[in-house]
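Structure, as C-alpha cells:
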Amino acid sequence: MSALLSVDNLHVEFATYGGIVQAVRGISFSVDAGQTLAIVGESGCGKSVSMQAVMGLIPMPPGRIRTGSAQLRGQDFLGKTHLDGKAICGDEIGMIFQDPMSSLNPTMCIGDQIAETLEVHRGYSRTQAFARAIELLELVKIPEASKRARQYPFEFSGGMLQRAMIAMAIACKPSVLIADEPTTALDVTIQAQILDLLKEIQQETGMAIILITHDLAVVARMADKVAVMYAGQIVESASVDDLFYKSAHPYTLGLKLAMPSNKSDAAHQLQPIAGSPPDLFSPPAGCAYCARCPWAMQVCQGDNPPPFVIGDGHYAKCWLQHPQQERDIDGLYQAVTVTGAPA
Amino acid sequence: MWWYTLKRLFQGVITVWFIATATFIGMHNVPGDPLSGDRATNATIRANLEARYGLDRPVTEQYFIYMRNMLRGDFGISYTQQNREVNDIIREHFPVSATLGILAVLFAAMGGILFGALTALFRNRLPDYIIMFLVILGISVPSFVFAALSQLSLVNMNNVLGFSILPVAGWGTVSHMLLPALVLGLGTMAYMTRLMRSSMLEVMSSDYIRTARAKGLSPTRIFSRHQLRNAVLPVITVLGPAIAAITTGGFVVELVFAIPGLGRYFVQAVQQLDYTVIMGTTVFYGAFLVFMVILVDLVYGWIDPRVRLQ
Amino acid sequence: MENNPVIRRLRPADLEPLSSQSAAPLLVRPSRSYWQDAWGRLKSNKRALVSLYLIIGLLLFTFAGPLVWRVDPALQDIDQISVPPGADRGAMVVDPFVAWDNVSLDDGYQGGTGLSLAGDPTTQSVRLHWDAIPGASGYRVYRNNYPTQDADALGLPLLQINNTQQMYYEDRLDLRAQTYYYSVAALDESGQLTGDYESLQADVVRVITVNEVRARDLSDNPDALQPGDQVRLSWHPLGTDYLGRDMLARLMAGARVSLFIGLLAPLFFVAFGVLYGATSGFVGGRFDSVMMRFADFVVALPFLLFMILFQVVFGIGPGESGIVPMLIALIILSWPATARLVRGQILQIREEAYVSAARLLGASQNYLILRHMIPNTLGVILVTLTFAVPAAIFTEAFLSFIGMGVAPPTASWGSMCNEGLKTMLTHPHELIFPAAMISITVLAFNLLGDGLRDALDAKMRNTE
C-alpha cells in the first residue's frame, strides 16, 4: 500500500429512537500525497459522516463504527488519537467545514482560535502561536491580518471566515486536508477564490485533499479522483475524466443530467432524478438505486451488485456492467442525454 | 458601548423616578390620614413629620418636597420609632441583607453552573436524573418552606448529635450565614441549573465544538476554553432578575432565621404600617434592583464580544 | 478493489427489465393536525401525564372535597389542639371540675418527698405540692415542654409566691395531653433565684366531663357514661392546628383561595397581555413603541416589593383579607411578559412567508388572524399560562406568609404555613401539610408546563 490515506470497508451506524440507521455501508477509498479525491453525492448519502467517522468526530453513542479500517501511511489509526506521537486530528489531518459562521467559536477571536492548534500540537507559547496565526492569515490572503486576528467571527464575511478556517486547518501542515463542502455556503465568486486558494496551498505543501461536495462543477475544477456515493455506498469510483466522459453508473449519469448548463437546447435541459433515496433504517437488499433507475432489472432488486472494473482505477457497482448483460449501455446512456427521456 | 451604558443608566434613572412616583401616589391614596389614629404615637413624632413633609400643604407641593428629599438621599423619619431616621435603618441593616444576598447569589450561580454543566455532560445518565429531580424539587418548593424545614431538621440534628453543627438562627459569624444563604440561593440555583443544562447541551452539539475536536484539542481543553464560557453567557443574563428574586426572597429567610437585615425590617414595617419606612425601603430597594439589573447587563455586554462590539 | 472479484453467472430472468417501479416504498404517514400531534406527544410524556392527573386530583380535592369532608374549617375542637395525624383521640370521662382547696391532701400526697403531684395529672388540672426548700423565702413555679438542666434556663414562671406558706399550686392553664416538666425554684429574700430547684415529670391525661360529651355529641348515650370510661373524640385525619381546627378541612378551604388566585390571576393577566401585545404588534409603528416602552417600565418594577406596596395601598393591613386586591395587583404587575411575548410572536408571524403567500392569494385580514395568527400564538400562550399558575401560587403563598395576603380566619396555604411556622418545633405537621400542598401543586403545574412546551414546540424537544 503506497497510498497516503486509505479507508477500507467502513461501516458506520447510528442508534436512534426509530431504530439503527446504517449511514455508511462499507466504503473503501484511498488518496495519495498531492492528490485530490472528491466524494460526491446528494444530502444524506453518508459522505460527511464517513469522513467524520474517520476523524473520530461522530458522537458515540449514538454513532458506532461497526467494521472497517483507516490507515495513514500504512498504519491503522481508527480509534486512536495519536500516531507516532503526532495527533491525528489537527496535526496529521486538517478539516474544514461547510458553514464557517457556525463552525467557529463566536466568543473567541480568530487569531486565538488558529493559535490554539499550534499551542496544543506544536507546544508554541501564546505569543509565538499568535504571531504564527497572523502569518497564516496572510498566507490565506486575508488583508490586514494582524488587525483581523484580533477580531471575532461575527466581524468577518463568509468568505473571509472560510479562509480563516483553512488557515486553522493547515496551521500544523497536515498531510491530508478534509474539506467538507467548503464552498456550499458561499456565493459563486467567493467559491472560485476559495477553491483556487486550496489548490495553491496544495501545490505548495503537497498535501492530499479529500473534498466532500455535491457540486459536480467543483469536482471538475478540483479533483483528480472521484468517488460517487449513494445511500452509504460508493457506487462509482474513477479518475475525474473517466467519471465525466465514461460514466458507468446510472446514478452518476443522473447527477450529470441534473447539472445546470448554459446551453438552452433540449439536450441540455436540467433533468431531476425522480424519487428519493431509500430508507437507511432498512436498506434494500439489492441495489439501493434500483427504485429510481430507469434500466433496473430483476437482479437489481434482490442482489447488491459487486464492483465491476471498467478501466484503470475505474469501477462501478451496477449490474448493467455484468458481462452477460447484452444491452448496449453506451447507446442507452446516449439516448437519455440526447432526447432527455429514458428509453 | 459608552452610548449604550449612558442610555441604560438614563433609563434606570427614569425607572427609579417612576418607582418613587408610584410609591408616592400609592401612599397618598392609603385610606385615611397617615398620621391619624395610633400611627403617630405622640405629639413629638407628629410635629416632626408635619414639619418635614408639610402634610398640610397641597399634594403637588408635597410631591416636590418628597422628590427633593429623595434626591438628597433623605428618606425621612420612622413613624413608629421616635426620632429614628429611615436612613439610619437602611445604613444599619442593609449591609446584613447585602452580605446574605451576595453569599446566596454566589452560591446559586456557582452551584447552578457546576450542576448544569454536570447534568449536560452526564446527559440521560444517573447523575443527570438525580440532579434534575432535585432541581424540579428546588423550583417547586417556596423558599420559606425550605427555610423552615431546614431549620427544623437542623434543630433535630443538633438534638440528636448533642452539639450544634450550625447555629439555628441569628447573625454574626460565618456559620450563621451558611444555612440562610444556602436556603435563599436554592431556588435560584435550581433555575440556573436548568438554564445551564440546556445552554450547555446546545453548545455541546454546536458546529464550533466539532471544529474544536477536529483541531485535536483534548476534552478538558474543549470544556474549559470553549464549552463552559459559551454556555455560561446566557446564564449571566438572568443574573439580574435572579438578584431581584434573591433580594426579595431574603425578606422571609431573614424573618425565619431571625437575621437583623433590611428585609425583615421591611416586612415588620409593612406589618406595623410604618409608612415612611415602607416608602424609603421600597424606593431604596427598587433603585438597588434596577441598577443591579443594569450592572449585570453591562457586565454581560463587556464579557460577550458580540454585544460589546455592536 | 482494483481487480474484479469472481463474477457470478446470472440467470436470463435476472436480466429482465423491472416492469413497474412498485418497489419504491410508499413513504406516507397518516396526516394529523397540529393539536392532535401535540396531544399525542403530551400523552407519551409520562411526567406531564402524571402531573395532569395530579392537577385533576387537586381540583377534585378543592371542589368535591368539601362535599365529602363536611367539617367546618373554622370550627375549633378545644379538646384536640395541635393534634398530629393519627394521634390517640381517646378521652377519659371525669367528674366536673371542683376547685382544689389545698386542704384535701388526702389523695396520694405523701409528705416529705419534695415536689410531687397531688392526684393524677389531667387536662382538667395538674395539682402540685412541695416541701419547703431550705433557705427559701419564696417560690416560683415553672412549666416546660422539655427537661431543664439549669435554674436559669427555666424560662417564664407560671407563678411567683412571695411567702413560704403556700407550697401548692394548681395548674389549669391550657393543658394538653402531653408530658410537662414542672419545676419549683427557691427565691431568696430579695426575690432572686437561689439556684435551688426541684423538677418532676407529669404525663397529662386527656379527660372530658359528661356535660362536654353531651355538648359535642360524642356519644350516643352520654347518660350511661361513668367516670373512668373512655370516649372517642371527633376524628381529624390530618390532625388539627394550634387552635384545634381540622387540618384537612382547612387545607381544602385554603386550596380554594390559593387556586382562586393561582388560576384566575394568570387567566386575567395573560388575557390582558395578549390583547395588549396583539394590539401593539398589529398597529405597529410609533404606537407600538410607546406601548412597549410603557410595558418596559412595568417590567422594571421590583415585583414582590410592589405586590406588598399594593396591599398596603389598598389598605390591607395585617388582619384584613386581601384576596381581591392581591388579584388586581397580580394582574397589574404581571401582564407585560405575556404582552411582549405575543407582540414578538405576531411580528414574527406577520413576516413569515406563508402569511405573505396567503395575503397574495387574497386572504382577508380577518382570515389571516383567525387562520394563521391565533393558531400559531395559541401554543405559546397556553405554555405561558401554565407557567404563570405556579408563579401566582408562589406569590400568594409568599404574601400570606409574611402576613400581607389573606388573614385569619380565612385559610390559604401560605397563611397556614405562616401559622405552622410558630409551632414548627413541637407540631411540625401544621407546617408540613400546607407546605407539601404548595409544593405538589407548583410541581404539577411546572411539569405540565414543561410537557406542554415540549409537545407544542417540536424544536424544543431536546432542550429540556
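Restricting the stretch C:394-419 to residues that are among the polar types (S, T, N, Q) and more than 9 Å from every other protein chain (Cβ to nearest Cβ), the residue that is surrounded by the fewest Cβ atoms within 10 Å (Cβ to Cβ) is C:T410.
Run down A:A131, A:A145 and say which single residue is more than 9 Å from chain B (Cβ to nearest Cβ), over 21 Å from B:A214 (Cα atoms) and in contact with a helix residue (DSSP H, G or I) (Cβ under 7 Å, 6 or more places away or on another chain).
Testing whether each residue is more than 9 Å from chain B (Cβ to nearest Cβ), over 21 Å from B:A214 (Cα atoms) and in contact with a helix residue (DSSP H, G or I) (Cβ under 7 Å, 6 or more places away or on another chain) leaves just A:A145.
Conditions tested, residue by residue: (1) assigned to a loop (DSSP other than H, G, I, E, B); (2) facing chain C (nearest Cβ under 9 Å); (3) on the phi < 0 side of the Ramachandran plot.
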{"residue": "A:A248", "(1), (2), (3)": "yes, no, yes"}
{"residue": "A:M259", "(1), (2), (3)": "yes, no, yes"}
{"residue": "A:P306", "(1), (2), (3)": "yes, yes, yes"}
{"residue": "A:I310", "(1), (2), (3)": "no, no, yes"}
{"residue": "A:D330", "(1), (2), (3)": "no, no, yes"}
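Residues that are over 25 Å from C:A132 (Cβ atoms) number at least 3 in the following strands (runs of 3 or more DSSP E) confined to the stretch C:152-271: C:207-209, C:230-232. The residue that is nearest to A:G311 (Cα to Cα), counting only those in the stretch A:234-246 that are crowded, with 23+ Cβ neighbours inside 10 Å and of a type outside the set (D, E), is A:A238. For the stretch A:146-167, the set of residues classified as aliphatic (A, V, I, L, M) and free of Cβ contacts under 8 Å to residues at least 60 places away in the same chain consists of A:A149, A:M160, A:A167, listed by residue number.
Here C:V290, C:V324 are screened, and the one residue that is assigned by TED's automatic domain parsing to the domain that holds C:V406, assigned to a helix (DSSP H, G or I), free of Cβ contacts under 8 Å to residues at least 12 places away in the same chain and within 30 Å of B:Q272 (Cα to Cα) is C:V324.
Residue-wise test of (1) in contact with a Gly (Cβ under 8 Å, 6 or more places away or on another chain); (2) modelled with pLDDT of 80 or more; (3) within 13 Å of chain B (Cβ to nearest Cβ).
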site	(1), (2), (3)
C:D288	yes, yes, no
C:F294	no, yes, yes
C:L301	yes, no, yes
C:G319	no, no, yes
C:M326	yes, yes, no
C:L333	no, yes, yes
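Restricting the stretch C:420-438 to residues that are closer than 16 Å to C:S258 by Cβ and surrounded by 19 or more Cβ atoms within 10 Å (Cβ to Cβ), the residue that is nearest to the other protein chains (Cβ to nearest Cβ) is C:A435.
When you look at C:L443, is it at pLDDT 80 or above and in contact with a helix residue (DSSP H, G or I) (Cβ under 9 Å, 6 or more places away or on another chain), yes or no? Yes.
Once the stretch A:62-120 is narrowed to residues that are within 12 Å of chain B (Cβ to nearest Cβ), touching a Ser or Thr at 6+ places or on another chain (Cβ under 7 Å) and aliphatic (A, V, I, L, M), the residue that is surrounded by the most Cβ atoms within 10 Å (Cβ to Cβ) is A:L104. Residues in the stretch A:220-245 that are closer than 21 Å to A:D328 by Cβ, touching a residue at least 12 places away in the same chain (Cβ under 8 Å) and out of contact with any His (no Cβ under 7 Å at 6 or more places or on another chain): 2 in all.
Taking the stated definitions as given, is B:R197 within 24 Å of B:R123 (Cα to Cα), surrounded by fewer than 23 Cβ atoms within 10 Å (Cβ to Cβ) and not β-branched (V, I, T)? Judged against the criteria, B:R197 is not a match.
When the stretch A:113-141 is limited to residues that are in a loop (DSSP other than H, G, I, E, B) and closer than 18 Å to A:E204 by Cα, the one that is nearest to the chain's Cα centre (by Cα) turns out to be A:V140. Determine if the stretch C:261-270 includes at least one residue that is surrounded by 21 or more Cβ atoms within 10 Å (Cβ to Cβ), touching a residue at least 60 places away in the same chain (Cβ under 8 Å) and more than 30 Å from B:W17 (Cα to Cα). Within the stretch C:261-270, one or more residues are surrounded by 21 or more Cβ atoms within 10 Å (Cβ to Cβ), touching a residue at least 60 places away in the same chain (Cβ under 8 Å) and more than 30 Å from B:W17 (Cα to Cα).
Per the listing A:G286, A:G275, the residue uniquely at the interface with chain C (Cβ under 7 Å from one of its Cβ atoms) and in a loop (DSSP other than H, G, I, E, B) is A:G275. Here the condition is being crowded, with 19+ Cβ neighbours inside 10 Å, within 16 Å of the chain's Cα centre (by Cα) and not basic (K, R); of A:L4, A:L37, it holds for A:L37 alone.
The values are calculated or read from the model by the stated rules, or taken from the named source; none is laboratory data. Here the structure is a predicted model, which means the values were calculated and not measured. Counting neighbours? That spans all protein chains shown, and the Cβs are built from the backbone with ideal geometry, glycine included.
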